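K.L.:
My questions all concern the structure below.
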Amino acid sequence: MFLAALSICASAAVMAAVLPRRPRVVVSAALGALGCLLASGVALRILLTGETLAFHTSQVLPVTGFSLTIDPLGAWFILVSSFVGAAACVFNVGYAKGAMASRSALSMFMLFIVTLLAVPAASSVMTLMFFWEMMALSSWLLILTDQTRHPDARSAALWYGAMTQAGAASILLGLLVMTSHGGGQSFADVSAHSLALSGVTRSFAFVLVLLGFASKAGAVPLHVWLPKAHPEAPSPVSALMSSSMVAMGVYGIIRVGEDLLHGGTVWWWIAVALLGVVSALYGALHATTSTDLKRLLAYSTVDIIGLVLIGVGAAGALADNAQPVIAHLAMTAALMLVLAHAAFKGALFLAAGAIERATGTRNLDLLGGLIHSMPVTALVVVISAGAIMAVPTLSGFSSEWLLLQGLLHGFRVASTPTVIVMLLGVIALALTGGLTAVAFVKAFGIGFLGQARSTGAATARETSTSMRVAMGWLTIPSVVIGVVPGLFVPLLNRASSSALNASVVSPLTRDTGVVVSKLGGAIEPAALLVGLVAVMALLWAFTQSLTQRRARRVDAWGCGRELQTPRMQYTATSFAEPLQRVFADVLRPQADVEVTHVAESRYYEQSLMYENRIVDVLEARGYRPLIAVTMRLGRQARRLQNGSINRYLAFGFVALLVVLVVVG
């Protein structure tokens, strides 16, 4: 069935390449959605039964063959990718116009979905790297799809291409180190022989693999490509990149660290958790100050993936400290947050695409009033933003509550470094919760409430039916996980046990809510929702009974004025300005004021222009100086190419001597 799902998605890419313009969008989308739904069925079956499926053939890839194995851990990530992939296919029916409707773009889009489904199933080094590189290549080409409407797409693609190739090289080198001491290149052989490696070799391999997968996950400081590439890619591609592709980085860290290297040592997972702490705080800060809607969502991805890495790192450290039950709880929280993030972030990126298509802009300072003209999109944003802000009875709340439980129970560990990491994780979870709330209150309040600040926002209309259906599809997990998270407990238990490579009795008890039976603690979101609805109904009935006359309707925050204009409203820039001042040392804002005076006198101002910019400090002070040095060395190296055959032979002779000395 899984091979059939991959074949159907691959046939969608073929149909996109051969069919005429009008039917190819619909046919490829239908086949892609069908393949994703079939893959979801396979993943659910494996998660429900706990079985492991394997397939190998020597007919696809040369020398090593083609190997697939799906265990519950891989099935969880396949479920994530297939659920979002189906929504992206449906959304693309109404979205695909211009360059995105071309044969090449549609084919690459379907190929991208194939690779997202296949990466968690790869069970050999060659198979993993083949699909990993195909995933990188297809997504890189999709970023370049619409350069006419997105002039920064080429620059974003350069950053993404450089970072993803450096990451792939690091992953490949780490895997080769693991396979160089005997055994084959299948994951089963690597796992069987990895314990024979020295501690230094295993640590070196893990660090290499961690750097490669962390760059794909968007962990700070390897995140610089993410806020550039996600805004410039077409919205269905952005949704897949942010929800599914970055999750592949998390999957790779778990697969190599826990499965192939059998958990390693405590400091590995402390490093993973610290990466998560820095990523969560850094991403949340930049999300609060971003005025580009998709850039805000991109930095929010860095934030949430940081929380996931905190959970993964905590689980690994607790397992190495002989706390399997608490480790299981932390890993369960991380995996639940992966699914929750995929759903609400996918919905938000699709909504951002709908807003851009309707208004012609992603700049929050130019939006406003969209709740009246785009009510369905507004509802999707409200639900998804509430989920990402961890509002009770939505998915983010259940996931982050589980993560908090795992971190708090981790304080009982005797290891001081592990306890410090748990404390930092709790602090990061608390701070990012507040910062994320600021970011998304800003995004919804400025973008959807008040009056329109531009002609595009004033004339906006709701998107097509297929786009609304796709966005609604992705809001379902945000509600279901939030209200009845207990439904996912059996699936999460098997996925977590597979991730930690250990059979542990889960501390979670299956119920409509979540009960941490062995450690203490429980939530019942369904009962909480019923109580909230009852209280709101009573308050409404009470206020209605006190109303003696019809209330006068006025503009919110009118301050007694009868006339309100868009210029009287907060903008996204002004909304974030207080936080920008507080964290000025981290954000390093740059402000320019340009004053134009009237011709008659320099004492009177004709116009005033204020511009506020926040650049990524790590990019400006870390990567760009490195790029400048590299370019300078490259220009100097050109002097070696003078056309002299004698010099080239001398270079070859010196290189041969170096190789002989090293080998000898």
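The values are calculated or read from the model by the stated rules, or taken from the named source; none is laboratory data. None of the values given here were measured: they were computed from a predicted structure. Note that we place each Cβ from the backbone using ideal geometry, even for glycine, and neighbour counts take in every protein chain shown.
K.L.:
With of a type in the set (S, T, N, Q), surrounded by 19 or more Cβ atoms within 10 Å (Cβ to Cβ), touching a residue at least 40 places away in the same chain (Cβ under 8 Å) and touching a His at 6+ places or on another chain (Cβ under 7 Å) as the only criterion, which of Ser28, Ser40, Ser67, Ser82 stands out?
P.N.:
On the way: Ser28 fails: touching a His at 6+ places or on another chain (Cβ under 7 Å); Ser40 fails: touching a His at 6+ places or on another chain (Cβ under 7 Å); Ser82 fails: touching a His at 6+ places or on another chain (Cβ under 7 Å).
Matching residue, one of Ser28, Ser40, Ser67, Ser82: Ser67.
K.L.:
If you don't mind, another one. Hey, could you check segment 156-167 for residues that are aliphatic (A, V, I, L, M) and crowded, with 19+ Cβ neighbours inside 10 Å and say which is farthest from Thr127 (Cα to Cα)?
P.N.:
Here the answer is Ala156.
K.L.:
Taking Leu379, is it among the hydrophobic types (A, V, I, L, M, F, W, C), in contact with a helix residue (DSSP H, G or I) (Cβ under 9 Å, 6 or more places away or on another chain) and surrounded by fewer than 24 Cβ atoms within 10 Å (Cβ to Cβ)?
P.N.:
Numbers: among the hydrophobic types (A, V, I, L, M, F, W, C): yes; in contact with a helix residue (DSSP H, G or I) (Cβ under 9 Å, 6 or more places away or on another chain): yes; surrounded by fewer than 24 Cβ atoms within 10 Å (Cβ to Cβ): yes.
Criteria met by Leu379.
K.L.:
All but one of (1) surrounded by 10 or more Cβ atoms within 10 Å (Cβ to Cβ); (2) of a type in the set (A, V, I, L, M); (3) modelled with pLDDT under 75 hold for Ala551; state the number of the condition that does not hold.
P.N.:
(1)
K.L.:
For Ser139, which of the numbered conditions (1) at pLDDT below 90; (2) among the polar types (S, T, N, Q); (3) under 26 Å from Gly98 (Cβ atoms) fails to hold?
P.N.:
It is condition (1) that Ser139 fails.
K.L.:
Restricting the search to segment 579-596, which residues are of a type in the set (A, V, I, L, M, F, W, C), touching a strand residue (DSSP E or B) at 6+ places or on another chain (Cβ under 6 Å) and over 12 Å from Ile614 (Cα atoms)?
P.N.:
Val593, Val595
K.L.:
On to the next question. Can you pull out the helices (runs of 4 or more DSSP H) entirely within segment 225-321 that have at least 3 residues that are in contact (Cβ under 8 Å) with a residue 24 or more places away in the chain and closer than 22 Å to Met471 by Cα? Break it down into steps so the answer makes sense when it comes.
P.N.:
Numbers: elements: 226-232, 235-240, 246-254, 266-289, 293-320.
Output list reads 226-232, 235-240, 293-320.
K.L.:
Collect the residues in segment 196-214 that are more than 22 Å from the chain's Cα centre (by Cα), free of Cβ contacts under 8 Å to residues at least 60 places away in the same chain and in a helix (DSSP H, G or I), keeping them in residue-number order.
P.N.:
Val200, Thr201, Phe204, Ala205
K.L.:
Okay, moving on. Report yes if Ala343 is part of a helix (DSSP H, G or I) and crowded, with 24+ Cβ neighbours inside 10 Å, otherwise no.
P.N.:
It is true that Ala343 is part of a helix (DSSP H, G or I) and crowded, with 24+ Cβ neighbours inside 10 Å.
K.L.:
Let me ask something else about it. Which residue out of Val266, Val246, Val250, Val277 is more than 15 Å from the chain's Cα centre (by Cα), surrounded by 23 or more Cβ atoms within 10 Å (Cβ to Cβ) and of a type in the set (Val, Ile, Thr)?
P.N.:
When all the criteria are applied, what remains is Val277.
K.L.:
Give me the pairs: first residue in segment 140-166 and closer than 18 Å to Ser104 by Cβ and polar (S, T, N, Q), second residue modelled with pLDDT of 90 or more and not in a helix (DSSP H, G or I), beta-carbon distance under 7 Å, and six or more apart or on different chains, which are they?
P.N.:
Thr145/Pro234
K.L.:
Here are some residues: Ser517, Ser503, Ser454. Which one is among the small types (Gly, Ala, Ser) and either surrounded by 17 or more Cβ atoms within 10 Å (Cβ to Cβ) or within 16 Å of Leu337 (Cβ to Cβ) (or both)?
P.N.:
Matching residue, one of Ser517, Ser503, Ser454: Ser454.
K.L.:
Tell me which residues, restricted to segment 290-326, are of a type in the set (Val, Ile, Thr) and crowded, with 24+ Cβ neighbours inside 10 Å.
P.N.:
Once the filter is applied, which keeps residues that are of a type in the set (Val, Ile, Thr) and crowded, with 24+ Cβ neighbours inside 10 Å, segment 290-326 yields Thr301, Val302, Ile304, Ile305, Val308, Ile310, Val312, Ile326.
K.L.:
Taking the condition crowded, with 22+ Cβ neighbours inside 10 Å, more than 16 Å from Ser238 (Cα to Cα) and at pLDDT 90 or above, does Phe77 pass?
P.N.:
Spelling it out, Phe77 is indeed crowded, with 22+ Cβ neighbours inside 10 Å, more than 16 Å from Ser238 (Cα to Cα) and at pLDDT 90 or above.
K.L.:
Separate question: Report yes if Ser139 is closer than 25 Å to Ala75 by Cβ and of a type outside the set (A, V, I, L, M), otherwise no.
P.N.:
So Ser139 fits the description; yes.
K.L.:
Between Ser517, Ser464, which is of a type in the set (Ser, Thr, Tyr), under 18 Å from His328 (Cα atoms) and in the same structural domain as Val381 (by TED's automatic domain parsing)? Give the derivation first.
P.N.:
On the way: Ser464 fails: under 18 Å from His328 (Cα atoms).
Within the list Ser517, Ser464, the selection yields Ser517.
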